[in-house]
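What follows is a short report on a single structure.
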Amino acid sequence: MIEFTFWDIVRNLLLAARWTVLLSIVAFTGGTIAGLGILFLRISKRRVLRRAAEYYIALFQGTPLLMQLFLLFYGLPLVGFRIDGWLAATIGLTLYASAYLSDIWRGGVEALPLGQWDAARSLGLHYLAQLRLIILPQTFAITRAPTVGFLVQLIKSTALTSIIGFEELVRTSNAINNATFEPFKVYGMVALIYFALCFPLTRYAKALELKAAKH
């Protein structure tokens, strides 16, 4: 058994937590950009585009995230595309996030009164201007709470990337536990780190929800 002091364990876990945070930020940012594209398809007037977006969302919501990561990391090399754990984790979580975020925002668009679309058209705005100036600002205002709530889910989902070799918090904790044989101490600290990352966001989402309810 390798001797690790308490501070050795804390330091290594905090260093690993940086990668968890970075992966969460990159995946959420990428998911936001891709999710907007899927949202535009989902609310399009063309049936074929709406159907394509529906199938995309159903695919990534209806299959386990772990299986999606496996297909990227182990499946792509079989067809000539070899990627490392970081890239597989980034792509997988980005696609996963885009499906959920686009669905959250689609619900926000559908929650708006139809009169908002009529008012936008009465101003002579073309379709993209209607979305940019009137529809999307209101949509994002009423979906801020579930969007932040999904970010909490995304942070916790990064733990699955340890299975494909990405050196984030859980994979590092497994290595430390294998060296120290102190699972309660090691995994207890991991739980506290996740709690420290997620609890403020959870409280923020709750505050946004209460604020939206008052309005």
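Most fluctuating residue of 192, 22, 95 in a GNM of the chain with Cα springs under 10 Å: which is it?
Sorting by GNM fluctuation, first place goes to 192.
Stretched out fully, how many nm does the piece from residue 83 to residue 59 gain, at 0.36 nm a residue minus the Cα gap?
Gain in length upon complete extension: 6.5 nm.
Check each of the trypsin sites (Lys or Arg not before Pro) in segment 1-105 and keep only those in coil by DSSP with at most 13 other C-beta atoms within 10 angstrom; list them in order.
Qualifying residues, ordered by number: 45, 46, 82.
Compute the long axis of helix 144-157 from its Cα atoms, compare it with the longest principal axis of the Cα atoms of the chain, and write down the angle in degrees, 0 to 90, nearest 10.
With rounding to tens, the tilt is 30 degrees.
Where Rh denotes the Kirkwood radius from the mean inverse Cα pair distance, what is Rg over Rh for segment 32-149?
Values: Rg = 17.0 Å, Rh = 15.8 Å.
In segment 32-149, Rg relative to Rh is 1.08.
Treating the angle as unsigned and between 0 and 90°, give the value, to the nearest 10°, between the Cα long axis of helix 6-42 and the longest Cα principal axis of the chain.
That helix lies at roughly 20 degrees to the long axis.
Would you mind telling me which residue in 62, 31, 108 has the biggest mean-square fluctuation in a Gaussian network model of the chain, where springs connect alpha carbons within a distance under 10 angstrom?
62
Output ³J(HN,Hα) for segment 43-59: one whole-Hz value per residue in order, computed from phi by the Karplus curve 6.51 cos²θ - 1.76 cosθ + 1.60 with θ = phi - 60°, and x for Gly and Pro.
9, 5, 7, 8, 4, 5, 6, 5, 5, 4, 5, 4, 5, 4, 5, 4, 5
On a straight-distance basis, which lysines could pair with residue 185 in a cross-link, Cα separation under 23 angstrom, same-chain partners fewer than 8 positions away excluded?
Filter leaves 156.
If Lys and Arg each add +1 and Asp and Glu each add -1, what is the summed charge of the other residues whose beta carbon sits under 14 Å from the beta carbon of residue 24?
Surrounding charge for residue 24 is +1.
Taking the Cα centre of segment 1-117 as origin, work out the dipole magnitude from +1 charges on Lys and Arg Cβ and -1 charges on Asp and Glu Cβ, in debye rounded to 20.
660
For segment 6-214, state what percent of all Cα-Cα pairs lands in each successive 5 Å bin, counting from 0 Å until the bin that includes the largest distance.
1, 7, 13, 15, 16, 14, 11, 9, 6, 4, 2, 1, 0, 0
Efficiency by 1/(1 + (r/R0)^6): what FRET value for residue 191 and residue 29, r their Cβ-Cβ distance, R0 = 30 Å, to the nearest 0.05?
Computed FRET efficiency for residue 191 and residue 29: 0.70.
What is the distance, in nm, between label points placed 7 Å from the Cα along the Cα-to-Cβ direction at residue 36 and at residue 178?
Result: 4.2 nm between the two label points.
Give, in nm to one decimal, the length gained when the segment between residue 129 and residue 114 is fully stretched (0.36 nm per residue of separation minus the Cα-Cα distance).
On the way: separation 15, 0.36 × 15 = 5.40 nm, distance 1.63 nm.
So the chain would gain 3.8 nm between residue 129 and residue 114.
Once label points are set 7 Å from the Cα along Cα→Cβ at both residue 7 and residue 140, what is their separation, rounded to one decimal in nm?
The modelled label-to-label distance comes out at 4.4 nm.
Debye calculation, C-alpha points only, no solvent: report log10 I(q)/I(0) for segment 144-215 at q = 0.24 Å⁻¹, in the same order as the q values.
For the requested q values the scattering log ratios are -1.01.
Coordinate-derived values only; no laboratory data. Keep in mind the model is a prediction, meaning the values are calculated, not measured. Because the Cβ atoms are built from the backbone with ideal geometry, glycine has one as well, and the counts that use them run over all protein chains shown.
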